[in-house]
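Below you'll find the structure, written out as structure tokens, and then a few comments.
The values are calculated or read from the model by the stated rules, or taken from the named source; none is laboratory data. These numbers were taken from a predicted model, which means no experiment stands behind them. Here the Cβ is made from the backbone with ideal geometry for all residues, glycine too, and neighbour counts use every protein chain on show.
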Amino acid sequence: MNLRAPYSPPPPARKARSGHELHISVMTIRTRKFIGTIALLMLVVVWSLLGMTVAQTPWLANSGLLQAIFYVVAGVGWVLPAMPIISWMARPDA
């Protein structure tokens, strides 16, 4: 039988019956954002260095069409690895 009002908060969670407290270390959003910012900066630096290295190759430097395709892919491609980092950074505290 449910005796709670429709919009009342849920009852507090029960503690474990064993004598040991369960301690779960949770990373705060502030720490996640700090680590994620460093990871994004490292990603952008490595991505740009690799992009500059590939852009200097002779097979790419001699073709205008390949250069255009490469610069579009290299310019937008860093977003795919950055998306999981940003979503991890934005997760709320538990």
- line: Of the residues in segment 59-90, those that are in contact with a helix residue (DSSP H, G or I) (Cβ under 7 Å, 6 or more places away or on another chain) and modelled with pLDDT under 90 number 1
message: Looking at segment 52-94 only, could you name the residues that are among the aliphatic types (A, V, I, L, M), closer than 21 Å to A39 by Cβ, over 15 Å from the mean Cα position of the chain (by Cα) and loosely packed, with under 13 Cβ neighbours inside 10 Å?
response: M52, V76, A94
- prompt: All but one of (1) out of contact with any Phe, Trp or Tyr (no Cβ under 7 Å at 6 or more places or on another chain); (2) modelled with pLDDT of 90 or more; (3) surrounded by 10 or more Cβ atoms within 10 Å (Cβ to Cβ) hold for M27; which doesn't?
  reply: (2)
